[in-house]
Amino acid sequence: MESVTATDERSLMIRWKTPYPDANVLLQGASRFGLVPFPRHLLEQTFVGAVPQTIQESQYWGRDFVGAGPFKLDRWEPGSFLEGTAFDQHALGRPKIDRIRFMFIKEQSTALANMLAETTHVALNSIRFEHFLQIKQAWASTGKGTAGLSTVSLTTAEFQQRPEFANPGSDGVYAGPDGKLAFVLQAGANRAELPVLDANGRQAGFDVQQRTLVPSDSRDPQLSSSFPAVNVSPSGSFEVQQTAKYRTSEISSAEKRWRGENQSGWSNPEYDRLVDALSVTLDPNERSQQRAQMAKLLTEDLPALTLTPNPNIFAYLNRVKNVGNSTTFSTGRITWNIEKWELTS
(Lines give C-alpha, C1' and ligand atoms only; values in the text may rest on other atoms or scores of the structure.)
Protein backbone atom coordinates (compact mmCIF):
# COMPACT_ATOMS: atom_id res chain seq x y z
CA MET A 1 0.00 0.00 0.00
CA GLU A 2 1.15 3.52 -0.78
CA SER A 3 -1.35 5.29 1.45
CA VAL A 4 -4.56 4.78 3.40
CA THR A 5 -6.71 7.89 3.85
CA ALA A 6 -10.02 8.42 5.62
CA THR A 7 -11.84 10.68 3.17
CA ASP A 8 -14.69 11.08 5.65
CA GLU A 9 -15.85 9.37 8.84
CA ARG A 10 -17.36 6.44 6.93
CA SER A 11 -15.00 6.09 3.92
CA LEU A 12 -11.48 4.79 3.38
CA MET A 13 -9.37 5.27 0.26
CA ILE A 14 -6.42 2.96 -0.42
CA ARG A 15 -3.79 3.75 -3.04
CA TRP A 16 -1.56 0.91 -4.17
CA LYS A 17 2.08 1.28 -5.26
CA THR A 18 1.63 -1.20 -8.10
CA PRO A 19 -1.19 -3.21 -9.70
CA TYR A 20 -2.40 -5.67 -7.06
CA PRO A 21 -4.75 -8.56 -7.98
CA ASP A 22 -6.10 -8.92 -4.43
CA ALA A 23 -6.82 -5.22 -3.91
CA ASN A 24 -10.51 -5.97 -3.39
CA VAL A 25 -9.78 -8.24 -0.41
CA LEU A 26 -8.58 -6.58 2.79
CA LEU A 27 -8.15 -9.74 4.83
CA GLN A 28 -6.87 -13.15 3.70
CA GLY A 29 -6.25 -16.07 5.99
CA ALA A 30 -5.18 -14.13 9.06
CA SER A 31 -4.96 -10.56 10.27
CA ARG A 32 -1.20 -10.39 9.58
CA PHE A 33 -1.99 -10.81 5.85
CA GLY A 34 -4.25 -7.84 5.35
CA LEU A 35 -5.52 -4.49 6.54
CA VAL A 36 -7.15 -4.59 9.97
CA PRO A 37 -7.97 -1.04 11.08
CA PHE A 38 -7.98 -0.29 14.82
CA PRO A 39 -9.90 2.50 16.60
CA ARG A 40 -7.41 5.25 17.50
CA HIS A 41 -9.60 6.71 20.27
CA LEU A 42 -9.55 3.36 22.07
CA LEU A 43 -6.05 2.05 21.39
CA GLU A 44 -3.69 4.96 20.70
CA GLN A 45 -2.57 5.32 24.32
CA THR A 46 -2.06 1.56 24.58
CA PHE A 47 0.18 1.43 21.48
CA VAL A 48 2.27 4.56 22.14
CA GLY A 49 5.43 3.51 23.95
CA ALA A 50 3.97 0.15 24.95
CA VAL A 51 5.76 -3.19 25.03
CA PRO A 52 4.16 -6.18 23.23
CA GLN A 53 3.05 -7.78 26.50
CA THR A 54 1.09 -4.68 27.49
CA ILE A 55 -0.70 -4.62 24.13
CA GLN A 56 -1.61 -8.30 24.39
CA GLU A 57 -3.06 -7.81 27.88
CA SER A 58 -5.31 -4.94 26.80
CA GLN A 59 -8.99 -5.58 27.53
CA TYR A 60 -9.71 -4.37 24.00
CA TRP A 61 -9.01 -7.91 22.81
CA GLY A 62 -11.53 -9.26 25.33
CA ARG A 63 -14.62 -7.76 26.91
CA ASP A 64 -13.98 -4.25 25.56
CA PHE A 65 -13.71 -5.28 21.91
CA VAL A 66 -16.09 -3.51 19.54
CA GLY A 67 -16.43 -5.12 16.13
CA ALA A 68 -18.71 -4.69 13.15
CA GLY A 69 -20.36 -8.10 13.30
CA PRO A 70 -24.05 -8.98 13.32
CA PHE A 71 -24.27 -9.64 17.09
CA LYS A 72 -23.43 -7.54 20.16
CA LEU A 73 -21.85 -9.17 23.21
CA ASP A 74 -24.27 -9.22 26.15
CA ARG A 75 -22.70 -11.74 28.50
CA TRP A 76 -19.39 -13.56 28.74
CA GLU A 77 -18.64 -16.34 31.19
CA PRO A 78 -14.92 -17.18 30.58
CA GLY A 79 -14.44 -20.82 29.66
CA SER A 80 -18.18 -21.41 29.60
CA PHE A 81 -20.13 -19.36 27.04
CA LEU A 82 -20.73 -16.09 25.20
CA GLU A 83 -24.15 -14.57 24.59
CA GLY A 84 -24.96 -12.00 21.95
CA THR A 85 -28.00 -10.13 20.69
CA ALA A 86 -28.78 -9.03 17.15
CA PHE A 87 -27.18 -5.73 16.08
CA ASP A 88 -29.87 -3.61 14.43
CA GLN A 89 -27.38 -1.51 12.42
CA HIS A 90 -25.32 -4.35 10.97
CA ALA A 91 -24.03 -3.38 7.50
CA LEU A 92 -25.66 -6.40 5.83
CA GLY A 93 -28.95 -6.05 7.69
CA ARG A 94 -30.26 -7.05 11.08
CA PRO A 95 -29.74 -10.76 11.81
CA LYS A 96 -32.84 -12.93 11.57
CA ILE A 97 -31.95 -14.67 14.86
CA ASP A 98 -32.47 -12.39 17.88
CA ARG A 99 -30.10 -14.06 20.32
CA ILE A 100 -27.30 -16.65 20.20
CA ARG A 101 -25.24 -18.49 22.80
CA PHE A 102 -21.74 -19.70 21.88
CA MET A 103 -20.69 -22.49 24.27
CA PHE A 104 -17.12 -23.68 24.89
CA ILE A 105 -17.14 -27.48 25.17
CA LYS A 106 -13.78 -29.11 25.90
CA GLU A 107 -14.84 -32.74 25.52
CA GLN A 108 -15.45 -33.53 21.86
CA SER A 109 -17.59 -36.54 22.79
CA THR A 110 -19.85 -34.17 24.78
CA ALA A 111 -20.18 -31.89 21.75
CA LEU A 112 -21.19 -34.90 19.66
CA ALA A 113 -23.73 -36.06 22.26
CA ASN A 114 -25.26 -32.58 22.41
CA MET A 115 -25.73 -32.50 18.65
CA LEU A 116 -27.29 -35.97 18.52
CA ALA A 117 -29.57 -35.07 21.42
CA GLU A 118 -30.44 -31.79 19.66
CA THR A 119 -29.60 -29.73 22.75
CA THR A 120 -27.31 -27.59 20.58
CA HIS A 121 -28.05 -26.42 17.07
CA VAL A 122 -24.57 -26.03 15.55
CA ALA A 123 -21.12 -27.55 16.17
CA LEU A 124 -18.13 -25.54 14.93
CA ASN A 125 -14.81 -27.39 14.85
CA SER A 126 -15.66 -29.06 18.17
CA ILE A 127 -15.95 -32.69 17.06
CA ARG A 128 -13.33 -35.09 15.73
CA PHE A 129 -13.27 -36.52 12.21
CA GLU A 130 -14.57 -39.89 13.42
CA HIS A 131 -17.44 -38.03 15.10
CA PHE A 132 -18.14 -36.32 11.79
CA LEU A 133 -18.50 -39.73 10.14
CA GLN A 134 -20.70 -40.96 12.98
CA ILE A 135 -23.07 -38.00 12.95
CA LYS A 136 -23.24 -37.99 9.15
CA GLN A 137 -24.28 -41.64 9.19
CA ALA A 138 -26.82 -41.06 11.99
CA TRP A 139 -28.47 -38.22 10.08
CA ALA A 140 -28.41 -39.94 6.70
CA SER A 141 -31.67 -41.77 7.42
CA THR A 142 -33.38 -39.20 9.63
CA GLY A 143 -32.53 -36.03 7.72
CA LYS A 144 -32.24 -34.16 11.02
CA GLY A 145 -29.08 -32.31 10.15
CA THR A 146 -26.11 -31.63 7.93
CA ALA A 147 -22.42 -32.36 8.58
CA GLY A 148 -19.49 -31.23 6.48
CA LEU A 149 -15.99 -29.87 6.52
CA SER A 150 -13.82 -27.18 4.98
CA THR A 151 -10.04 -26.85 4.82
CA VAL A 152 -8.19 -23.63 5.59
CA SER A 153 -4.87 -25.07 6.81
CA LEU A 154 -2.32 -27.72 5.90
CA THR A 155 0.11 -29.76 7.97
CA THR A 156 3.65 -29.84 6.61
CA ALA A 157 6.95 -31.41 7.57
CA GLU A 158 9.59 -28.68 7.22
CA PHE A 159 13.25 -29.55 6.73
CA GLN A 160 15.78 -27.38 8.52
CA GLN A 161 17.98 -25.48 6.05
CA ARG A 162 20.24 -23.54 8.44
CA PRO A 163 23.47 -25.38 9.38
CA GLU A 164 23.67 -23.70 12.79
CA PHE A 165 20.55 -25.60 13.87
CA ALA A 166 20.71 -28.80 11.81
CA ASN A 167 22.45 -31.92 13.15
CA PRO A 168 24.32 -33.52 10.24
CA GLY A 169 27.74 -35.12 10.52
CA SER A 170 30.96 -33.47 9.36
CA ASP A 171 30.34 -34.70 5.82
CA GLY A 172 26.90 -33.13 5.73
CA VAL A 173 25.08 -36.46 6.00
CA TYR A 174 22.61 -37.04 8.81
CA ALA A 175 24.07 -40.19 10.36
CA GLY A 176 24.30 -41.68 13.84
CA PRO A 177 27.19 -43.66 15.39
CA ASP A 178 26.03 -46.86 13.73
CA GLY A 179 25.89 -45.25 10.30
CA LYS A 180 22.12 -45.03 10.09
CA LEU A 181 20.47 -41.89 8.84
CA ALA A 182 19.52 -40.05 12.02
CA PHE A 183 17.34 -37.03 12.57
CA VAL A 184 15.16 -35.34 15.20
CA LEU A 185 11.45 -35.16 14.42
CA GLN A 186 9.77 -32.28 16.23
CA ALA A 187 6.00 -31.74 16.56
CA GLY A 188 3.34 -30.56 18.96
CA ALA A 189 1.90 -33.08 21.40
CA ASN A 190 -1.48 -33.00 19.66
CA ARG A 191 -0.14 -33.82 16.19
CA ALA A 192 -1.45 -37.24 15.15
CA GLU A 193 1.16 -37.37 12.37
CA LEU A 194 4.11 -37.67 14.79
CA PRO A 195 3.87 -41.39 15.69
CA VAL A 196 3.05 -42.28 12.06
CA LEU A 197 6.11 -40.46 10.71
CA ASP A 198 8.26 -41.97 13.47
CA ALA A 199 7.09 -45.50 12.68
CA ASN A 200 7.50 -45.06 8.93
CA GLY A 201 10.99 -43.63 9.39
CA ARG A 202 12.12 -46.48 11.60
CA GLN A 203 10.64 -49.04 9.19
CA ALA A 204 12.71 -47.45 6.42
CA GLY A 205 15.85 -47.87 8.55
CA PHE A 206 16.18 -44.30 9.86
CA ASP A 207 17.22 -43.48 13.41
CA VAL A 208 14.34 -41.18 14.40
CA GLN A 209 14.33 -39.24 17.65
CA GLN A 210 11.03 -37.68 18.66
CA ARG A 211 10.83 -34.26 20.26
CA THR A 212 7.31 -33.53 21.49
CA LEU A 213 6.47 -29.91 22.16
CA VAL A 214 4.10 -28.90 24.94
CA PRO A 215 1.58 -26.14 24.03
CA SER A 216 3.78 -23.36 25.45
CA ASP A 217 6.74 -24.60 23.37
CA SER A 218 4.62 -24.59 20.21
CA ARG A 219 3.98 -20.87 20.73
CA ASP A 220 7.70 -20.11 21.15
CA PRO A 221 8.86 -18.64 17.79
CA GLN A 222 12.55 -19.29 18.52
CA LEU A 223 11.96 -22.95 19.33
CA SER A 224 9.78 -23.30 16.23
CA SER A 225 12.63 -21.97 14.06
CA SER A 226 15.64 -23.70 15.64
CA PHE A 227 14.52 -27.31 15.24
CA PRO A 228 17.37 -29.75 14.46
CA ALA A 229 15.99 -31.54 11.41
CA VAL A 230 12.23 -31.92 10.77
CA ASN A 231 9.40 -29.86 12.22
CA VAL A 232 5.74 -30.84 11.79
CA SER A 233 3.34 -27.91 12.04
CA PRO A 234 0.15 -26.48 10.50
CA SER A 235 0.03 -23.43 8.26
CA GLY A 236 -2.76 -21.53 6.51
CA SER A 237 -3.72 -22.85 3.10
CA PHE A 238 -4.51 -19.42 1.63
CA GLU A 239 -2.14 -18.57 -1.22
CA VAL A 240 -0.80 -15.46 0.50
CA GLN A 241 0.16 -17.58 3.52
CA GLN A 242 1.72 -20.40 1.54
CA THR A 243 3.85 -18.06 -0.59
CA ALA A 244 5.03 -16.15 2.50
CA LYS A 245 6.05 -19.44 4.12
CA TYR A 246 8.94 -19.84 1.66
CA ARG A 247 10.03 -16.26 0.95
CA THR A 248 13.56 -15.19 1.88
CA SER A 249 12.22 -11.96 3.40
CA GLU A 250 10.08 -14.04 5.77
CA ILE A 251 12.96 -16.08 7.24
CA SER A 252 12.79 -15.86 11.02
CA SER A 253 15.95 -14.85 12.85
CA ALA A 254 17.26 -13.53 16.17
CA GLU A 255 17.54 -10.05 14.62
CA LYS A 256 13.78 -10.15 13.87
CA ARG A 257 12.96 -11.64 17.27
CA TRP A 258 12.24 -14.91 15.47
CA ARG A 259 9.23 -13.46 13.69
CA GLY A 260 8.51 -14.54 10.14
CA GLU A 261 6.53 -17.18 8.29
CA ASN A 262 9.64 -18.94 6.91
CA GLN A 263 10.84 -20.96 9.90
CA SER A 264 12.94 -23.49 7.99
CA GLY A 265 15.29 -20.86 6.53
CA TRP A 266 14.88 -22.04 2.93
CA SER A 267 15.84 -19.42 0.34
CA ASN A 268 15.63 -19.38 -3.43
CA PRO A 269 16.06 -16.12 -5.45
CA GLU A 270 13.99 -17.43 -8.37
CA TYR A 271 11.13 -18.31 -6.06
CA ASP A 272 11.26 -14.82 -4.52
CA ARG A 273 11.15 -13.30 -8.01
CA LEU A 274 8.10 -15.35 -8.94
CA VAL A 275 6.26 -14.40 -5.74
CA ASP A 276 6.97 -10.72 -6.40
CA ALA A 277 5.71 -11.11 -9.96
CA LEU A 278 2.58 -12.95 -8.84
CA SER A 279 1.67 -10.11 -6.48
CA VAL A 280 1.45 -7.58 -9.35
CA THR A 281 0.24 -9.75 -12.26
CA LEU A 282 -3.41 -9.34 -13.21
CA ASP A 283 -3.70 -11.73 -16.17
CA PRO A 284 -5.16 -15.07 -14.89
CA ASN A 285 -3.27 -17.21 -17.42
CA GLU A 286 0.06 -15.61 -16.57
CA ARG A 287 -0.64 -16.04 -12.87
CA SER A 288 -1.30 -19.75 -13.43
CA GLN A 289 2.08 -20.10 -15.16
CA GLN A 290 3.81 -18.34 -12.27
CA ARG A 291 2.16 -20.66 -9.78
CA ALA A 292 3.28 -23.69 -11.81
CA GLN A 293 6.90 -22.45 -11.82
CA MET A 294 6.78 -21.86 -8.07
CA ALA A 295 5.39 -25.36 -7.51
CA LYS A 296 8.20 -26.81 -9.65
CA LEU A 297 10.85 -25.10 -7.52
CA LEU A 298 9.25 -26.29 -4.28
CA THR A 299 9.05 -29.83 -5.66
CA GLU A 300 12.69 -29.85 -6.77
CA ASP A 301 14.18 -28.30 -3.61
CA LEU A 302 11.55 -29.78 -1.25
CA PRO A 303 11.94 -27.40 1.72
CA ALA A 304 8.78 -28.97 3.14
CA LEU A 305 6.52 -31.92 2.51
CA THR A 306 2.76 -31.40 2.68
CA LEU A 307 1.25 -34.17 4.80
CA THR A 308 -2.45 -33.58 5.33
CA PRO A 309 -5.16 -30.94 5.00
CA ASN A 310 -6.65 -29.98 8.36
CA PRO A 311 -10.46 -30.04 8.30
CA ASN A 312 -12.73 -27.56 10.04
CA ILE A 313 -15.64 -29.84 10.86
CA PHE A 314 -19.13 -28.48 11.27
CA ALA A 315 -22.58 -29.90 11.89
CA TYR A 316 -25.95 -28.23 12.23
CA LEU A 317 -29.57 -29.21 12.68
CA ASN A 318 -31.75 -28.61 9.67
CA ARG A 319 -33.86 -26.35 11.88
CA VAL A 320 -31.14 -23.79 11.17
CA LYS A 321 -31.91 -22.40 7.72
CA ASN A 322 -29.87 -20.49 5.12
CA VAL A 323 -26.48 -21.77 6.28
CA GLY A 324 -24.07 -20.94 3.45
CA ASN A 325 -21.16 -22.94 2.15
CA SER A 326 -17.66 -21.57 2.77
CA THR A 327 -16.50 -19.08 0.14
CA THR A 328 -13.05 -18.37 -1.27
CA PHE A 329 -12.51 -15.16 0.67
CA SER A 330 -14.18 -16.18 3.93
CA THR A 331 -12.63 -17.60 7.07
CA GLY A 332 -13.45 -21.08 5.81
CA ARG A 333 -16.22 -21.38 8.40
CA ILE A 334 -19.95 -21.58 7.78
CA THR A 335 -20.65 -18.56 10.01
CA TRP A 336 -19.63 -16.13 7.25
CA ASN A 337 -23.32 -15.41 6.49
CA ILE A 338 -24.73 -15.91 10.00
CA GLU A 339 -26.86 -12.76 9.70
CA LYS A 340 -29.01 -14.67 7.18
CA TRP A 341 -29.55 -17.72 9.36
CA GLU A 342 -33.04 -18.50 10.61
CA LEU A 343 -34.14 -20.84 13.38
CA THR A 344 -37.38 -22.76 12.88
CA SER A 345 -39.31 -24.76 15.44
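Data table
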| item | result |
| --- | --- |
| Candidate set: segment 181-229, residues that are in a strand (DSSP E or B) and charged (D, E, K, R); chosen: the one farthest from Ala304 (Cα to Cα) | Asp207 |
| Residue satisfying condition, being in contact (Cβ under 8 Å) with a residue 40 or more places away in the chain and either more than 22 Å from the chain's Cα centre (by Cα) or surrounded by 11 or more Cβ atoms within 10 Å (Cβ to Cβ) (or both), within set Gly93, Gly49, Gly69, Gly84 | Gly93 |
| Hey, Ser253 modelled with pLDDT under 95 and over 18 Å from Ala157 (Cα atoms) or not | yes |
| Tally of residues being loosely packed, with under 12 Cβ neighbours inside 10 Å and in contact with a Phe, Trp or Tyr (Cβ under 7 Å, 6 or more places away or on another chain) across segment 52-66 | 1 |
| Given (1) under 23 Å from Ile100 (Cα atoms); (2) polar (S, T, N, Q); (3) surrounded by 15 or more Cβ atoms within 10 Å (Cβ to Cβ), index of the condition Thr119 fails | (3) |
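The values are calculated or read from the model by the stated rules, or taken from the named source; none is laboratory data. Every value quoted in this text rests on a predicted model; they were computed, and no experiment measured them. We place every Cβ from the backbone using ideal geometry, glycine too, and count neighbours over all the protein chains shown.
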